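Nothing in this text is a laboratory measurement; each read-out follows from the coordinates by a stated rule. This one's a predicted model, so the numbers in the text were calculated from it and none came from an experiment. Cβ placement follows ideal geometry from the backbone for every residue including glycine, while neighbour counts extend to all protein chains displayed.
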Amino acid sequence: MIGNTALALCASLAFASLAHAEERSRERVPVRVVVVTAFEIGNDAGDTPGEFQNWVENLPLPEVVPFPQGYHPLRYNPEKHVLGIVAGEGPARMASSVTALANDPRFDVTHAYWLLAGIAGINPNVGSVASAVWAPQVVDGDLGYEIDAREIPPDWTTGYVPFGRTSPFQPPTPPVATDSGANAFTLNAGLVEWAYQLSSGTVQLPDDANLQQLRARYTNFPAAQRPPAITKGAVLASGTFWIGALLNTWAENWVNYWTSGLSVFTTTAEEDAAYMQALTFLSQVQAADLKRVMVLRGASNYSVPPPGQTAAQLLAGEVDATGYSGFIESLSSTYLAGSAVVNELSGNWRRYRDNVPGAQP
């Protein structure tokens with residue numbers, strides 16, 4: 001009798017625990033948009049800003065949520081149902097933090113839109129500093145073979161070689177995704193176009209004397225001399241911070257190669273391929289929806305020095321984020337373009353919960 005009573009009690013407790021767990025799952029915090037950034041400088045508010053601070057102060061994101069399984073505490077707006085995360089700089093931290101958040105049982109991200117909103121270098125052949133760029137494609141700049149430039153054959157333009165090939169840009173282009181990894185990711189074209197049209201049609205990016213002075217130095221780059229603009233273009237993601245004209249040419253060719261000429265290299269950043277890979281895996285178990293994923297980069301600096309300056313001299317002035325020539329302005333551009341989209345999605349949730357904007361009829 002004692003044994004049966006104990007078993008019955010254990011069973012009762014187990015069922016109660018299961019019921020309580022199911023009740024908790026039904027009470028998960030609803031999330032309409034996840035805003036993903038890579039870094040903050042100091043505090044989340046009230047000091048020198050990083051990628052997160054404008055969102056915290058201006059959207060705003062008032063509630064602090066502990067996130068011990070990730071890099072940095074989360075922030076949440078309970079009225080807009082927007083969740084903000086500082087994932088950490090670099091591919092490893094980004095992928096780990098995004099995966100941890102999507103699997104956090106406290107949050108319901110079933111219908112959430114994901115927006116990576118951060119700073120980047122910009123190709124002066126395409127655009128100008130402090131522009132905001134929506135990415136239709138993300139290309140991984142780390143996957144491949146490399147031979148030091150001092151040892152490459154004289155007829156090679158670069159020492160970077162695609163996996164599965166024996167020379168740079170050797171045709172045909174290999175499959176984008178293999179056992180070696182994924183070299184490119186294509187985002188939902190309809191959503192990207194919708195976000196671009198919405199933000200460019202409603203937001204005027206600010207210009208200032210600092211940006212005008214920077215642009216004036218790029219005398220051989222007509223696109224770099226234009227005022228900041230909201231535009232579209234591929235982002236090249238790599239854990240290595242590269243800089244200079246020769247690597248910029250490589251980046252242009254690398255993006256062209258892996259996208260079959262469909263995208264133009266526009267911005268260079270660190271975390272985007274890791275972000276896309278994490279969300280791709282998460283989508284395979286319905287923990288995320290790839291049709292709802294966006295990437296927005298604000299141009300904090302040029303990837304090529306202006307005439308009269310060497311690549312080493314340009315790098316010397318940009319050894320950390322706060323030294324980037326258009327850093328503060330790029331944070332503002334990213335927030336202005338991104339928040340227009342976030343506020344539209346969160347503010348008209350009945351329209352967008354089950355219907356992704358930009359979808360083809």
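Below is a table of values for the structure above.
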item	result
Selected from 99, 124, 81, residue furthest toward positive end of dipole (segment 54-159; charges at beta carbon)	81
Cα radius of gyration and Dmax for segment 155-250 (Å)	18.2, 49
Kirkwood hydrodynamic radius of segment 117-205, Cα pairs, Å	16.1
Spin-label model distance (nm) - residue 313 vs residue 343, 7 Å beyond Cα toward Cβ	4.2
For the chain, average projected area of the Cα convex hull in nm²	23.1
Between 0 and 90°, nearest 10: helix 272-283 axis offset from the chain longest Cα axis	30
Computed FRET value (nearest 0.05) for residue 148 with residue 210, which takes r as the C-beta separation and R₀ as 35 Å	0.40
Segment 166-222 shape via C-alpha gyration tensor axes, a/c threshold 1.5	oblate
Proxy reagent accessibility, fewest Cβ within 10 Å first, across 89, 63	63, 89
Cα Rg over Rh - segment 30-88, Kirkwood	0.93
Area projected by the alpha carbon convex hull of segment 59-203, averaged over all directions, nm²	12.6
Only Lys, Arg (+1) and Asp, Glu (-1) charged, at Cβ; segment 219-361 dipole about Cα centre in debye	520
Kirkwood Rh (inverse of mean 1/r, distinct Cα pairs), segment 74-142, angstrom	14.7
For the chain, with +1 on Lys and Arg beta carbons and -1 on Asp and Glu, the positive-most of 275, 336, 253 along the dipole	336
Gaussian network model of the chain, springs between alpha carbon atoms under 10 Å - residue of 335, 113, 145 with greatest fluctuation	145
Segment 314-356, Cα convex hull volume normalised per residue, Å³	87
Estimated [θ] at 222 nm from DSSP helical runs (n ≥ 4, -39500 (n - 2.57)) normalised by residues in the chain, nearest 500	-10500 deg cm²/dmol
Angle between the chain longest axis and helix 327-347 axis [Cα atoms, degrees, rounded to 10]	40
Over segment 196-309 - Rg/Rh using Cα atoms and the Kirkwood inverse-distance radius	1.01
0 to 90° range, to nearest 10: angle between helix 91-102 axis and the chain longest Cα axis	30
Charged-residue dipole, Cβ positions (Lys, Arg, Asp, Glu), the chain about Cα centre, Debye nearest 20	820
Per-selection Kirkwood Rh - segment 273-361 (Cα, Å, 1 d.p.)	16.3
Proximal charge balance of residue 43 [Cβ under 15 Å; K/R count +1, D/E count -1]	-4
Segment 221-361: relative contact order in percent, alpha carbon pairs under 8 Å with at least 6 residues between	22
